[in-house]
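Every number in this text was worked out from the coordinates using simple rules, so none of it is lab data. What you see is a predicted model, and the numbers here were worked out from it, not measured in a lab. Every residue, glycine among them, receives a Cβ derived from its backbone with ideal geometry; neighbour counts consider all protein chains shown.
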Amino acid sequence: MYKIRDDLALIQTLDFFTPIVNDPYRFGQIAAVNALSDVYAMGGRPLTAMNIVCFPKKTMDKSVLKEILKGGLEKIHEAGALLVGGHSVDDLELKYGLSVTGIIHPDKVMTNAGARPGDQLILTKPVGTGIIATALKRGAASKEAEEAMIAIMCELNKKAAEVMEEVGAQACTDITGFGLLGHALEMAKASQCTMTLKTSQVPFIPYALEYAQMGLVPGGTHANRNYCQKSLNVDPSIPAFLLDILSDAQTSGGLLIAIRTEKAQLLLDRLKERGVVEVAWIGEITASSLGMIEVLP
C-alpha cells in the first residue's frame, strides 16, 4: 500500500500461476479473480490491471492464449477495472496472471491484525478446491466436481468486500495457498489471539470430502498442515481427512472476516442478499495469545 494523501492510498499486488484447469478460458478467469482478490482482502477497489503472460509459442496454438486473455478480461471488467497493458514472454511453461492497482482510504485498510477476543469469524466461500484439482489431475474427479470447483474459483470477492466495508469488520484475509488453517493462523498470530474453528460449520465442497477420504491430497496441503501443527489444539474426535481439507491449498478462495458479535448476523444476511450464498459463520476469537487455533467438531 502507498499513501498518496490523507484520504487516498494505492494498493498494488501481483499474482500469476500455471493452469489449474484444462479449459484456457476458465483458466484465464480463475487467474484474474485470484489476482484481484488481494485488493478485495484489504477492503480496496481495483482500478487497473496488467496482464502477465508466459506462453510457449512454439508448441501451443495462439488460440489458447486468446481464450486465456478473453477470460481474464471479462473478470477484470466484472470487477469494474480496466486492462491497461501487460507483458508477455516466450516460456516453455504456460503461466498467466495480473498485476493489479487498486485504491482505498488509508483509514479503512483491512489487515489480518485487527481481530480481538469476542469477534466472530465469517468465511465467504467453501474450501476444497486443491483436493478436487488433484483428483482432476489423477483422472478421479467427476464432471460435477470439476464444475463446482471452477464456479467457486471464478467468483469474484467483490460483493463480499463491498458488504464487509458497508457493515464494518475488524480484520480480513483471503484464503489461498496456505489453506484455511494457514491463513487463519496468520491472522491469529498477527492479532495475537486464539481462535476457535468449528468443523461442522465450515463450508466444504461436497466432492472434496469424498476425495480427501480417498487420499487425493496435494503435497502443498500436507506442508500447510505440518506448518500449522504446533499451533493447533485439535479435538481428538476430528478425523485426519477433515484436517486435510482445512489445510487444503486454495486457489481463488474466499475471504475470512473477523467482525464484532453484534454485527455478525447483519454481515451474514447482507452477504446472502447480495448473492454470496455459501457464506458461513465458522468460529470466533476466544482469547488473547501469541497465536493459536482450537479446532472443534
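For the stretch 120-296, what is the percent of antiparallel DSSP beta bridges, rounded to the nearest 5? Don't jump to the answer; show the numbers that get you there.
Values: 17 of 26 bridges.
So the antiparallel bridges amount to about 65 percent of the total.
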(message) Per residue, how big is the convex hull of the stretch 120-296 when only Cα atoms are used? Give it in Å³.
(response) 99 Å³
(request) Over 24 Å between C-alpha atoms is what I'm after, so list which of K198/K263; K158/K189; K137/K189; K137/K230; K137/K272 land there. (result) K158/K189; K137/K189; K137/K230; K137/K272
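For L92 and T48 in the same chain, what is the full-extension length gain: residue separation times 0.36 nm, less their Cα-Cα distance, in nm?
On the way: separation 44, 0.36 × 44 = 15.84 nm, distance 2.81 nm.
Computed gain between L92 and T48 is 13.0 nm.
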(request) For the stretch 2-108, state what percent of all Cα-Cα pairs lands in each successive 5 Å bin, counting from 0 Å until the bin that includes the largest distance. (result) 3, 14, 24, 22, 15, 10, 6, 4, 2, 1, 0
(message) Quick check: from the Cα gyration tensor, does the stretch 255-295 come out rounded (a/c under 1.5), prolate or oblate?
(response) prolate
(message) So the label point goes 7 Å from the Cα of L296 along Cα→C-beta, right? Which residues of the stretch 103-129 then have their backbone N under 16 Å from it?
(response) 117-122
(request) Using DSSP, restrict attention to beta bridges with both residues in the stretch 2-108 and report what percent are antiparallel, rounded to the nearest 5. (result) 75 percent
(request) Mind putting a number on the dipole of the chain about its Cα centre? Charges go on the C-beta only, +1 for Lys and Arg and -1 for Asp and Glu, and I need it in Debye to the nearest 20. (result) 360 debye
(request) Just the number, please: Stokes-Einstein D of the stretch 37-168 in µm²/s, Kirkwood Rh from C-alpha pairs, 10 °C, 1.306 mPa s. (result) 92 µm²/s
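Could you count how many Lys pairs in the stretch 2-108 have their Cα atoms under 14 Å apart, skipping same-chain pairs fewer than 8 positions apart?
On the way: K3/K108; K57/K66; K57/K95; K62/K70; K62/K95; K66/K95.
Total qualifying Lys-Lys pairs in the stretch 2-108 comes to 6.
With the contact rule set at Cα under 8 Å and sequence spacing of 6 or more, what percent relative contact order holds for the stretch 120-296?
On the way: 363 pairs, mean separation 83.1, N = 177.
Across the stretch 120-296, relative contact order equals 47 percent.
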(message) Please enumerate, by chain and number, the aspartates and glutamates with C-alpha under 16 Å from the C-alpha of K159, excluding those fewer than 8 residues away in the same chain.
(response) D38, E78, D174, D269, E273, E278
(message) Among N157, I238, F16, which residue has its Cα furthest toward the positive end of the charge dipole of the chain, with +1 on Lys/Arg Cβ and -1 on Asp/Glu Cβ?
(response) F16
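Rule-of-thumb check for the stretch 96-193: C-alpha Rg over 2.2 N^0.38 Å?
1.28
Per the Kirkwood treatment, what hydrodynamic radius in Å, one decimal, follows for the stretch 145-185 from the mean inverse distance over all distinct Cα pairs?
Values: mean 1/r = 0.0831 Å⁻¹.
Kirkwood hydrodynamic radius for the stretch 145-185: 12.0 Å.
Quick one, what does Rg over Rh come out to for the chain if you take C-alpha atoms and the Kirkwood Rh? Please list the in-between numbers first.
Working: Rg = 18.8 Å, Rh = 19.4 Å.
Rounded to two decimals, Rg/Rh equals 0.97.
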(request) Give a residue-ordered list of calculated ³J(HN,Hα) values for the stretch 209-214 (Karplus: 6.51 cos²θ - 1.76 cosθ + 1.60, θ = phi - 60°; whole Hz; x for Gly, Pro). (result) 4, 5, 5, 5, 5, 7
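Antiparallel DSSP bridges in the chain: what percent, to the nearest 5?
Working: 38 of 54 bridges.
Roughly 70 percent of the beta bridges in the chain run antiparallel, per DSSP.
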